[in-house]
């Protein structure tokens, strides 16, 4: 069983392993980074730390998100935060990919923390796989709508 | 209790630290030769010794063997049985190197091949010991410890003397079981014998029987050897077994004045104890010293008399060791980095707090904020200091490098190091190590010549490299200066062409300074043959990049035949830097202050007028220097909001201007199109931040300049490295994020070509003497003209009605005279002449007087008259001059008079009926023009030469009545020319005047010695005329 933080990009619900996440913040002023790639949203100041913000929607090859009152930033753990993770190699491996400087994802809306049994996770459907296959960890069928689980580590390269 | 692994790591760490200083010590020994410095040799000995002892403890194989061999040789040096010559030191160095290498790879040290080193070292020690070394034999008897399992780490070879005591575990156990204690007692046999007027053997005998002497290191000095009196000191350590538990009792029981006593607790403890050999360096609690028996003068520990120093070197060492162990503490770097980060964040909070207080807050809080401010600043400074290290850390290794390399290249070179205490941030120090090594290798390999060649050139055989560090204006300057062959700019130009880096014409256009900069180009190496010394595929471009990466600047100066200096300017630290905060649109940026030379504020119409366009590059005239200009918004692609619309209009205008300029040739026009003025309300000011890049500069246009702020540099996320243009980020006091601009990348992104524009600025600086007051005027057309004020006697405002016309010629009543008037448009082709009712007349300094009609006097200012001369200008125009984007045509007013009214000037001298001719030598276009004007104004025909050589030729082909010559000229200067003139019989009495720009007595005296008849200042027309008058009255002017 894993715990998953859910969030929305437009109407679709996504989820990410909670052990990868350091904190979730409402969107503050994002400083635009000139000359950067399309998926780089900019930089924010979280308690004196400069956090690089990536546009989750842009990484998934959707229209870049619009920042609204519900927008949130999911800040990932850095290598320095990984001591609290314990010894789960798969998680540590992902965190190592995040590097040693803080990084965050801009999402449209933040959801809940859900517990998901491992055997409820199905392989991602084919139509999603035209994107980089590694982005998707699987899909969880819910009552109302499916939850797409993401591999955050794969999305940072 | 530390684990074995930790102990061995400690051992490696400690050994390396010891050996680090050994290199210097060996080099010092080599320098001093027979005059062995005891401190040095002791220190070295101890270092080797510690390594040997420790390695033995860990049952290592080769390290102790090699250390032992080294120790043998050093022992001989210490006992003055061996003079450390260059060859011996070479072998010692090799040995130490090998030791270091083995320490670096401790796991495979047993496989290391040390036979060569050991053999070499042994050959030295054996050849010496066979005859000279006094082997103290007598002690063997009195030292009764052979049955007590005293084990030498390397297996019992004791002939060298001092050794560390290493006991087997059983032996230690036995001692403990018997409730006995072991002590190391260190003292100087010679000093002690002198003090108590006794012999070495007596000292041992005097030791009470409750103390059992097990062993000694080295073996006790024999009475015979002592009697020879050759030894100044003979330090020794005894291993003593006793039942006394308190060292103080032991201390008082032994009749030895100066000694160190240390409890011997077996090998493990020894590892943790400082400084290996108990002989000298044992950090000893002061109470263990026998102060009570110390002679009175020795009690003043602070300033012992010189002989005390000699007699008790170990005491000095101990004092030093105690001091240093108490004053420093090893802290892991990661902890310091963490502290740095915390302080950085504290600084941010402080900044935010300060800003909050400025916008409101009670007086009480303000006082607290003030305190917080002060404390934080101090804390910041102190924490910064923890990262600072003396440059010596890097510099010290160069002594060795220079020495080894000199040998290899058969050169003789001295390295002088200055300012090794200057401190730099650790990061920066680490970053400059390799570049400096490269530069020093270069200096040695390419710079310093071989001794024979140097001798031929009249230089001392030994070359010199000076490596210095010093503070200057908040930066640290590191200078590498050699007295070698220097770098020939001509060769560099050829090479650049050969390597296809530039076209021949481009290369030829470079001045020497720019040519020197060529060596920083990628793919450029001046070595004809790639040697294993300098040519390692690392070019000077890599050096430059490394220096720039830490915010430094590298410059090069060289004089062929005299040497090269490389100047590196580095910031003190990288973590917190002073910056200028600027904005473009809504974005905030920080520019490091160290990159900024100044800031220019343009407002009103200047926003549109002062930035010009040349060959697709915007430029700005800054005090006569043409700087390329970049617009930050363009480079970064920041969208133009309302505030930046003005930029678009400038771009439009630029295009218009460009088109028109192509139609009109190269002459820029300054007429402004109408719509622009309307747009000015949109944007009424901008700032140009002048960025310094080594010797180049460029302007960076920003919307606004906010503040100076000390910022904490936060590195960019790796994901953003591809953006270039930025060196990092920071959080400002108000919580906003500012990007730190990377001024080097910006220049690259903006594709700035640092052409001759800036370089010309440099040459203009040299000609600062050409600063001249000038008058700027026009004739109602588009052209602006200028003349130096010194050629004019008056400028009059007149009305059109004042002008009288007589038979198509215009005249003006002027001061009771009627003077003829010239219109410039009649003399200069293609010129428009439009005059209003109000106009002006320029009256040049000539006789008889006349006037030049102009429409309007625009300005009256001081200009740097570095005139661009060109043959395309018609007669009467000397050249052109760009001033703040305006093209000014420089008029030769006397040539115009001559052209308009031939003979007018000559007629001034008509009474004398003499047509006189002068040879004028002057390299400056401006001054030759000016002086020609003066002379023509006085009716003298002028033959002009640019330098002495040309002057010689002209003099031989023209019949000149006198000579006026500048002093400082290319090719051949005025003194040389004058000497030549005087050496020619035909010209031995030809009047000759020197031109000076200053009242310099020395120069004037020299001028007289060279054969000049007199001198006058360049812009002093009266003096010229006076000299001419004197010439004619004295009748010296030959016809």
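Quick look at the values:
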item: Compactness of chain A - radius of gyration and Dmax, Cα, Å; result: 14.9, 44
item: Order of A:141, B:569, B:1006, B:408 under a 10 Å beta carbon neighbour criterion, fewest first; result: A:141, B:408, B:1006, B:569
item: Cβ-derived FRET efficiency at R0 25 Å, residue B:363 paired with residue B:736, nearest 0.05; result: 0.35
item: Separation in nanometres of the label points that stand 7 Å from Cα toward Cβ, at residue A:67 and residue B:953; result: 7.1 nm
item: Residues residue B:196 and residue A:29, FRET efficiency given R0 of 60 Å [Cβ-Cβ distance, rounded to 0.05]; result: 0.10
item: Difference of contour (0.36 nm per residue) and Cα-Cα distance, residue B:61 to residue B:333; result: 94.7 nm
item: Per-residue average of Cβ from other chains inside 10 Å of A:22-33; result: 3
item: Highest to lowest packing among B:448-454, B:76-82, scored as the average C-beta count within 10 Å; result: B:76-82, B:448-454
item: Space enclosed by the convex hull of the alpha-carbon atoms of region B:401-522, per residue, Å³; result: 147 Å³
item: Neighbour-count order for A:56, B:388, fewest beta carbons within 10 angstrom listed first; result: B:388, A:56
item: At 0.692 mPa s and 37 °C, Stokes D of region B:773-812 from Kirkwood alpha-carbon radius, µm² per second; result: 266 µm²/s
item: Distance between modelled label sites at residue A:117 and residue B:223, nm, 7 Å Cα→Cβ extension; result: 10.0 nm
item: Residue-averaged beta-carbon neighbours from other chains (10 angstrom radius) around B:722-735; result: 3
item: Cβ neighbours within 10 Å from other chains - mean over A:43-52; result: 6
item: Label-point separation in nm, residue A:96 to residue B:370, each point 7 Å along Cα→Cβ; result: 5.4 nm
item: Förster radius 25 Å - calculated FRET efficiency between residue B:506 and residue B:560 (Cβ-Cβ, nearest 0.05); result: 0.70
item: Footprinting exposure proxy for B:394, A:28 (fewest neighbouring C-beta atoms within 10 Å first); result: A:28, B:394
item: Gain on full stretching of the segment that runs from residue B:1005 to residue B:232 - 0.36 nm per residue minus C-alpha separation; result: 271.9 nm
item: Linear extension gain, residue B:745 paired with residue B:984, 0.36 nm per residue minus alpha-carbon span; result: 80.0 nm
item: Ellipsoid equivalent to region B:1-120 - semi-axes via the Cα gyration tensor, in Å; result: 25, 15, 11
item: 222 nm mean residue ellipticity, helices alone, for chain A (DSSP H n ≥ 4; -39,500 (n - 2.57); rounded to 500); result: -2500 deg cm²/dmol
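Read-outs throughout are calculated quantities, based only on the coordinates presented, and are distinct from any laboratory measurement. Here the structure is a predicted model, which is why all the values come from computation and not from measurement. Using ideal geometry, Cβ is built from the backbone for each residue, glycine included, and neighbour counts are taken over all protein chains shown.
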